[in-house]
Amino acid sequence: MNKQLRKAIIAGNWKMNKTRPEAKALIEDLKPVAANATCEVVICVPFTNLETAVALTEGTNIKVGAENVHFEKSGAFTGEISADMLTEIGVEYVIIGHSERRQYFGETDETVNKRTKAALAAGLKPIVCVGELLWERECDITEEVIARQIKLDFFGVSAEDLKKSVIAYEPVWAIGTGKTATSEQAQEVCAFIRATLAKLYDQDTANAVTIQYGGSMNPKNAEELLAQPDVDGGLIGGASLKAADFGVLLDAATNG
Ligand code: PEP
């Protein structure tokens with residue numbers, strides 16, 4: 001019942017893939033595939049493809065997101081992009097704290113928190129990624145890890161802003177590995193995230209937040225994952241690079 005309170009969001013994370021001609025071709029293929037989706041459809045693309053994606057999706061139901069954002073408004077931050085730079089070209093979403101950024105680029109919960117606040121202040125909808133390492137799951141501390149990330153990543157974020165945010169539960173061991181969490185594991189952690197939000201905020205606020213699962217979601221496993229009561233959509237890497245596969249996931253979210 002609570003699931004109906006939230007809009008399912010399927011977001012593609014293209015990562016560092018697609019030249020501009022390749023991006024144009026994929027977006028043209030995605031348009032008919034996405035046209036009848038009843039879930040929110042988002043494509044998060046590399047910075048160089050953002051303007052192209054915004055222009056090509058104008059008048060469609062496909063929203064555009066970035067894959068990172070800096071927390072300062074401007075200044076000496078070589079290689080970084082601010083939230084205002086994203087909103088001024090029509091970007092609506094931004095992925096923050098993806099495990100690849102945490103693993104390879106020194107992203108911490110403190111910087112995730114700063115980026116999340118900066119995104120919200122500029123009117124962007126953050127997709128904040130949390131998830132445990134395989135070692136942490138094996139040591140049976142998944143809930144501690146997730147609770148800590150949620151507390152730190154949303155520290156100082158108001159209930160109103162939290163409702164504009166999306167949380168992606170992405171077990172690190174399942175990203176790009178072909179290993180998917182079982183639907184029970186995904187549901188268990190997504191429900192735990194909602195319970196943690198209810199403690200930190202209140203139940204109504206927690207019920208309003210879209211919580212996605214991400215990690216090797218594909219046409220074969222999507223339906224079962226997306227049918228779980230606390231799984232409100234997906235953050236999709238590999239399967240977002242093929243229009244037909246992404247279309248199956250959109251249908252699963254529409255039906256789920
Ligand atoms: C991701 O990059 O967020 C992701 C879930 O990747 P994949 O679907 O390829 O595991």
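The values are calculated or read from the model by the stated rules, or taken from the named source; none is laboratory data. Small disclaimer: the values here were computed from a predicted structure and weren't measured. Note that we place each Cβ from the backbone using ideal geometry, even for glycine, and neighbour counts take in every protein chain shown.
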Can we say residue 166 is within 16 Å of the ligand (Cβ to nearest atom), within 15 Å of the chain's Cα centre (by Cα) and buried (at least 18 other Cβ atoms within 10 Å of the Cβ)? yes
Looking only at segment 198-238, how many residues end up being among the aliphatic types (A, V, I, L, M), touching a residue at least 40 places away in the same chain (Cβ under 8 Å) and more than 11 Å from the ligand (Cβ to nearest atom)? 8
Among the candidates 63, 31, 7, which residue alone is of a type in the set (Lys, Arg) and over 26 Å from residue 211 (Cβ atoms)? 31
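Yes/no matrix, rows are residues, columns are (1) of a type in the set (Phe, Trp, Tyr); (2) closer than 17 Å to residue 17 by Cβ; (3) touching a Phe, Trp or Tyr at 6+ places or on another chain (Cβ under 8 Å); (4) surrounded by fewer than 23 Cβ atoms within 10 Å (Cβ to Cβ):
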{"position": "213", "(1), (2), (3), (4)": "yes, no, yes, no"}
{"position": "223", "(1), (2), (3), (4)": "no, no, no, yes"}
{"position": "229", "(1), (2), (3), (4)": "no, no, no, yes"}
{"position": "241", "(1), (2), (3), (4)": "no, yes, yes, yes"}
{"position": "244", "(1), (2), (3), (4)": "no, yes, no, yes"}
{"position": "247", "(1), (2), (3), (4)": "no, no, no, yes"}
{"position": "250", "(1), (2), (3), (4)": "no, no, no, no"}
Per the filter on segment 134-158, residues of a type outside the set (D, E, K, R) and farther than 20 Å from residue 231 by Cα are 134, 135, 139, 141, 152, 155, 156, 157, 158
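A quick yes/no check of all residues on (1) modelled with pLDDT of 95 or more; (2) closer than 14 Å to residue 127 by Cα; (3) surrounded by 20 or more Cβ atoms within 10 Å (Cβ to Cβ):
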{"site": "10", "(1), (2), (3)": "yes, yes, yes"}
{"site": "21", "(1), (2), (3)": "yes, no, no"}
{"site": "31", "(1), (2), (3)": "yes, no, no"}
{"site": "49", "(1), (2), (3)": "yes, no, yes"}
{"site": "53", "(1), (2), (3)": "yes, no, yes"}
{"site": "58", "(1), (2), (3)": "yes, no, no"}
{"site": "74", "(1), (2), (3)": "yes, no, no"}
{"site": "80", "(1), (2), (3)": "yes, no, no"}
Tell me yes or no: at least one residue of segment 186-197 is away from the ligand (no atom under 16 Å from the Cβ) and at positive phi. no
